[in-house]
Amino acid sequence: MVTLRVLSAALGRCARGPRRPQTPRAPRWVPARMCGMSACSSRFVLSQVHPMWQEPLAIPGGNRQSPIDIAVRNSIFDPHLRPLVAKYDPRTCQQIWNNGYSFLVEYDDTMDKSTLSGGPLEDRYRLCQFHFHWGENNAWGSEHTVDHRLYPAELHLVHWNADRYSLFEEAVMEENGLAVIGVFLKVGKRHEGLQKLVDALPAVRHRDSMVEFTKFDPSCLLPSNMEEYWTYAGSLTTPPLTEAVCWIILKQPIEVSHDQLAVFRSLLFTSAEEEVQKSMVNNFRSQQPLKGRTVRSSFSPFLPQTPPAEGASSGADRTEA
């Protein structure tokens with residue numbers, strides 16, 4: 001059985017007291033994508049194992065793993081999918097924690113103050129934390145892709161089902177226990193809402209570092225179009241990889257500047273005491289097979305869509321995603 005220590009290391013403290021990851025024991029292979037043109041262009045590089053991957057993993061079922069490539073024309077338009085309703089209270093924001101794999105912005109989830117409902121969800125979900133995945137450059141970094149298009153980073157807002165479960169640790173192991181909003185980041189103009197967070201990141205440069213971070217409204221990181229999204233049944237992309245996640249991947253990306261992403265890449269996988277320091281980059285999981293799952297969309301890919309935002313580019317003609 002997956003221990004609560006592993007769960008906490010994977011997704012953060014979630015308002016119940018930090019549990020710090022232990023020192024890595026041995027090297028193992030982790031993925032790094034070497035081409036920005038296709039999700040298939042990935043290879044493995046030898047890297048010291050970070051704390052999340054240091055224990056044997058029991059993957060229940062193993063047929064609904066994440067992330068995936070979203071093939072737009074194979075997605076199924078579902079007219080019954082509702083708009084998302086995200087109601088976040090900035091006063092529930094508590095702290096930032098470098099957990100040795102990403103940085104987590106953590107929220108008080110003991111009450112229904114920051115919640116997600118609507119969309120494909122039947123219940124009310126509480127915001128626990130959000131974090132990012134990113135690459136070593138702007139050509140790759142996102143975990144999910146759309147028709148094999150990679151983005152330089154991806155935001156995950158993690159919520160747990162407070163209607164069915166009393167604790168996050170219960171929800172993370174159960175069907176429909178979690179709902180995660182995925183937002184793609186693309187390089188463009190500076191994101192003013194993100195800047196407050198970027199300015200705080202140097203304080204958590206090293207693994208296990210934590211700093212108070214309050215009054216941050218995660219709604220500022222959501223795109224203006226919340227009505228168009230894809231959804232599918234999947235898993236966590238970090239151990240324990242439990243298949244408890246309803247993924248909601250927003251179609252519209254947000255713009256951030258190259259300099260803002262550079263601050264992400266200035267963080268470290270390693271603690272201040274370690275002799276060899278390692279940059280925190282390529283902190284994503286390799287893509288997983290769909291295995292017969294249906295990806296539903298809240299919009300029809302065959303109907304005329306809103307023209308792409310200025311600066312958007314396709315995988316075939318861009319040098320930076």
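The values are calculated or read from the model by the stated rules, or taken from the named source; none is laboratory data. Keep in mind the model is a prediction, meaning the values are calculated, not measured. Neighbour counts run over all protein chains shown; Cβ positions are idealised from the backbone, glycine included.
Let's see how each residue does on (1) touching a helix residue (DSSP H, G or I) at 6+ places or on another chain (Cβ under 6 Å); (2) of a type outside the set (Asp, Glu); (3) crowded, with 16+ Cβ neighbours inside 10 Å; (4) farther than 22 Å from Gln288 by Cβ:
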position: Arg164; (1), (2), (3), (4): no, yes, yes, yes
position: Glu170; (1), (2), (3), (4): no, no, no, yes
position: Ser224; (1), (2), (3), (4): no, yes, no, yes
position: Leu236; (1), (2), (3), (4): no, yes, yes, no
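Tell me which residues, restricted to region 179-214, are of a type in the set (Gly, Ala, Ser), touching a helix residue (DSSP H, G or I) at 6+ places or on another chain (Cβ under 9 Å) and part of a helix (DSSP H, G or I).
Listed by number, the list holds a single entry, Gly193.
Which count do you get for residues in region 238-252 that are surrounded by 20 or more Cβ atoms within 10 Å (Cβ to Cβ), modelled with pLDDT of 95 or more and either within 10 Å of Gly182 (Cα to Cα) or among the polar types (S, T, N, Q) (or both)?
Adding up the residues that qualify gives 5.
Does Asn176 fit the bill of being modelled with pLDDT under 95 and assigned to a loop (DSSP other than H, G, I, E, B)? Walk me through how you get there before you give the answer.
Values: modelled with pLDDT under 95: yes; assigned to a loop (DSSP other than H, G, I, E, B): yes.
Considered against the rule, which asks whether it is modelled with pLDDT under 95 and assigned to a loop (DSSP other than H, G, I, E, B), Asn176 comes out as yes.
Here's a check for you: in region 254-273, which residue that is charged (D, E, K, R) and in contact (Cβ under 8 Å) with a residue 24 or more places away in the chain is surrounded by the most Cβ atoms within 10 Å (Cβ to Cβ)? Even if it seems obvious, please write down each step before you answer.
Step one: list which residues in region 254-273 are charged (D, E, K, R), which gives 255, 259, 265, 273.
Pick out the ones that are also in contact (Cβ under 8 Å) with a residue 24 or more places away in the chain and you get 255, 259, 265.
Working: Glu255: 18, Asp259: 11, Arg265: 16.
Going through the qualifying residues, I end up with Glu255.
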